[in-house]
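Chemist: Have a look at the structure that comes next, please.
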Amino acid sequence: MPSPEITIATPADRTRVVSSLVAAFSRDSVLRYLFPDEDTYPQSAAAFFGHLFDRRVAKGTIWTIERGASTALWEPPPTGDHDSSDDDLAAALAPDALARVRGYARTLHAALPAAPFWYLGVLGTHPDSAGRGWGRAVMAAGLRRAAADGLPAVLETSNPVNVEVYRRAGWEVVRSVTEPLPTWIMQQQRPSG
């Protein structure tokens with residue numbers, strides 16, 4: 001089976017990336033904690049993933065296969081010009097959902113390492129493309145970039161099944177939090193795949 005072509009996302013890929021991630025995370029514990037209402041989940045999750053996409057696309061740190069069928073949204077170490085504005089998200093989400101997003105982000109960021117690292121914020125594959133190894137492939141592109149910078153890579157997951165999947169890919173649990181959801185912080189020192 002030939003290796004899939006991995007590309008760096010452009011603004012033209014936004015719609016496909018966002019819709020794939022909304023589908024990929026429709027049963028994810030974190031996304032359902034943030035956006036529990038079944039009727040508003042698609043719109044809220046699209047605003048959330050669109051916000052994350054928009055913050056990273058100009059950095060060239062979103063790797064995709066088939067222009068978004070599988071996507072890894074990476075955040076490089078801060079450079080001092082970090083824009084943490086979430087005004088677009090505030091305008092798109094109900095106040096209670098925005099409060100959950102901000103609270104979860106505060107808790108998560110407090111648990112992340114203090115030293116510089118590359119952060120795998122989102123890794124998702126549209127359900128129609130699942131099981132092909134594409135998630136691991138787009139993840140590996142960011143791991144190579146982190147290794148080239150001589151920095152570790154960090155991610156978090158609230159899915160215990162994913163902890164084992166990531167361990168098999170070379171990640172190690174370095175910390176965990178219990179609130180608002182059990183979440184494992186994982187780190188990798190070297191590229192895999």
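Chemist: Which condition number does ILE8 fail, the rest of (1) exposed (fewer than 15 other Cβ atoms within 10 Å of the Cβ); (2) among the hydrophobic types (A, V, I, L, M, F, W, C); (3) touching a Phe, Trp or Tyr at 6+ places or on another chain (Cβ under 8 Å); (4) over 28 Å from ALA140 (Cα atoms) being met?
Modeler: So ILE8 meets the others, but not (4).
Chemist: Checking GLY68 against (1) at negative phi; (2) at pLDDT below 95; (3) small (Gly, Ala, Ser); (4) outside any helix (DSSP H, G or I), which single condition isn't satisfied?
Modeler: Exception for GLY68: condition (1).
Chemist: Using beta carbons and a limit of 9 Å, which pairs, at least six apart or on different chains, have the first residue in the range 21-47 and farther than 18 Å from LEU108 by Cβ and without any contact (Cβ under 8 Å) to a residue 12 or more places away in the chain and the second one assigned to a loop (DSSP other than H, G, I, E, B) and small (Gly, Ala, Ser)?
Modeler: ASP37/ALA94
Chemist: Do we have any residue at all in the range 148-161 that's without any contact (Cβ under 8 Å) to a residue 24 or more places away in the chain, assigned to a helix (DSSP H, G or I) and among the β-branched types (Val, Ile, Thr)?
Modeler: yes
Chemist: For the range 96-111, state whether one or more residues are in contact (Cβ under 8 Å) with a residue 24 or more places away in the chain, in a loop (DSSP other than H, G, I, E, B) and either β-branched (Val, Ile, Thr) or surrounded by 13 or more Cβ atoms within 10 Å (Cβ to Cβ) (or both).
Modeler: For the range 96-111, residues in contact (Cβ under 8 Å) with a residue 24 or more places away in the chain, in a loop (DSSP other than H, G, I, E, B) and either β-branched (Val, Ile, Thr) or surrounded by 13 or more Cβ atoms within 10 Å (Cβ to Cβ) (or both): absent.
Chemist: Would the range 182-193 turn up any residue that is in contact (Cβ under 8 Å) with a residue 40 or more places away in the chain, on the phi > 0 side of the Ramachandran plot and outside any helix (DSSP H, G or I)?
Modeler: There is at least one residue in the range 182-193 that is in contact (Cβ under 8 Å) with a residue 40 or more places away in the chain, on the phi > 0 side of the Ramachandran plot and outside any helix (DSSP H, G or I).
So that you can scan it fast, the table gives a plain yes or no per residue for (1) at positive phi; (2) among the basic types (Lys, Arg); (3) modelled with pLDDT of 95 or more:
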position: TYR33; (1), (2), (3): no, no, yes
position: THR64; (1), (2), (3): no, no, yes
position: PRO76; (1), (2), (3): no, no, no
position: GLY80; (1), (2), (3): yes, no, no
position: ASP88; (1), (2), (3): no, no, no
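Chemist: Could you list, in sequence order, all residues of the range 112-131 that are polar (S, T, N, Q) and assigned to a helix (DSSP H, G or I)?
Modeler: Across the range 112-131, the qualifying residue is only SER129.
Chemist: Another question, then. If we keep just the residues of the range 1-36 that are out of contact with any helix residue (DSSP H, G or I) (no Cβ under 8 Å at 6 or more places or on another chain) and in a loop (DSSP other than H, G, I, E, B), which is farthest from TRP134 (Cα to Cα)?
Modeler: Restricting to residues being out of contact with any helix residue (DSSP H, G or I) (no Cβ under 8 Å at 6 or more places or on another chain) and in a loop (DSSP other than H, G, I, E, B), the top hit is PRO36.
The values are calculated or read from the model by the stated rules, or taken from the named source; none is laboratory data. Quick caveat: nothing in here was measured; it's all calculated off a predicted structure. Note: ideal-geometry Cβ built from the backbone for every residue, glycine included; neighbour counts use all protein chains shown.
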